[in-house]
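S.K.: I have a structure I would like to understand better, so I am pasting it below and will then ask my questions one at a time.
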């Protein structure tokens with residue numbers, strides 16, 4: 001599977017063919033504009049640690065939501081995904097009054113007015129805005145809407161994943177460039193490493209002899225100095241950093257759902273860069289060049305993490 005970003009958008013449109021409300025036996029194609037109802041299905045995704053699905057669907061489409069949720073979980077691994085379905089009703093659609101809902105509201109309104117001695121009547125505009133107060137002729141076509149949407153959702157997913165894959169390829173190219181810069185900084189550190197060790201060893205020997213005096217065994221001083229220098233060596237950090245870079249590039253080559261793995265590797269790289277800088281802090285000369293290279297490493301790692309946060 002190719003590398004995908006978690007950011008994308010797609011929209012598909014379709015029509016629901018329904019029978020004439022006046023004569024169900026008449027085919028929808030012969031019913032004029034009353035036989036058609038348009039819809040638009042849009043998918044929008046952004047980055048998220050997990051798969052987070054949000055639906056904005058018309059009322060009465062619970063079964064459709066369950067089917068869409070099941071399909072998206074099969075096709076997507078991570079991301080905050082918003083699914084929006086809007087129905088485009090024709091101006092000739094007819095509505096009927098839901099007497100049960102409207103009558104119950106009016107009865108409750110008048111009972112409350114009588115209890116509190118209020119001389120008022122319910123506002124018809126407010127009553128008709130109550131959810132379910134008006135039943136559209138389209139409401140009887142829920143099954144047809146569900147079938148039509150499910151027939152189109154595959155195309156919407158394909159468009160969404162195409163956009164996510166295009167952005168994923170761009171992110172992968174940038175990450176490869178970052179890894180090249182990181183490897184170059186690592187080589188720079190390696191070139192200056194021996195000079196830093198030599199400077200550190202000489203400085204340490206001189207300081208120990210100055211503090212302990214000439215009566216101390218110089219061989220012992222040299223042994224202690226060598227031990228301290230070995231503890232300050234950054235070779236191990238360089239090797240581990242190079243290994244992480246190669247592993248990172250290998251994951252990019254493999255593709256698939258690699259966002260979390262790459263993020264973990266970058267955390268490890270950042271840890272090695274911090275250790276490298278701590279071991280060379282306080283030294284002058286060649287060590288300053290190592291510090292510059294270490295800071296460049298951290299900058300590349302941080303920029304890479306910003307991009308990896310968008311990968312599935």
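S.K.: Yes or no: segment 25-40 includes at least one residue that is modelled with pLDDT of 90 or more and part of a strand (DSSP E or B).
M.R.: Yes, that holds for at least one residue.
S.K.: Let me ask something else. Take residue 256 and decide whether it is over 18 Å from the mean Cα position of the chain (by Cα), over 17 Å from residue 186 (Cα atoms) and loosely packed, with under 15 Cβ neighbours inside 10 Å.
M.R.: No: the conditions fail for residue 256.
S.K.: Which pairs do you get when a residue that is farther than 12 Å from residue 127 by Cβ, found in segment 98-114, comes within reach of a residue that is modelled with pLDDT under 90 and exposed (fewer than 11 other Cβ atoms within 10 Å of the Cβ), reach meaning Cβ atoms under 6 angstrom, with the pair 6+ apart or on two chains?
M.R.: 113/120
S.K.: I've got another one for you. So, in segment 253-292, exactly how many residues are in a helix (DSSP H, G or I), at pLDDT 85 or above and out of contact with any helix residue (DSSP H, G or I) (no Cβ under 7 Å at 6 or more places or on another chain)?
M.R.: 8
S.K.: Would you mind stating whether residue 295 is under 31 Å from the mean Cα position of the chain (by Cα), assigned to a helix (DSSP H, G or I) and modelled with pLDDT of 95 or more?
M.R.: no
S.K.: Which of the following residues is at pLDDT below 65 and over 30 Å from residue 74 (Cα atoms): 196, 239, 221, 180?
M.R.: Exactly one of 196, 239, 221, 180 is at pLDDT below 65 and over 30 Å from residue 74 (Cα atoms), namely 221.
S.K.: Right, something else. With the checklist (1) modelled with pLDDT of 65 or more; (2) more than 25 Å from the chain's Cα centre (by Cα) in hand, flag the one item residue 175 doesn't pass.
M.R.: The one condition residue 175 does not meet is (2).
S.K.: Now a separate question. Of the residues in segment 158-190, how many are in contact with a helix residue (DSSP H, G or I) (Cβ under 8 Å, 6 or more places away or on another chain) and assigned by TED's automatic domain parsing to the domain that holds residue 254?
M.R.: Selection size over segment 158-190: 15.
The values are calculated or read from the model by the stated rules, or taken from the named source; none is laboratory data. Because the structure is a prediction, the values reported are computed rather than measured. No Cβ is skipped: glycine too gets one built from the backbone with ideal geometry, and neighbour counts run over all protein chains shown.
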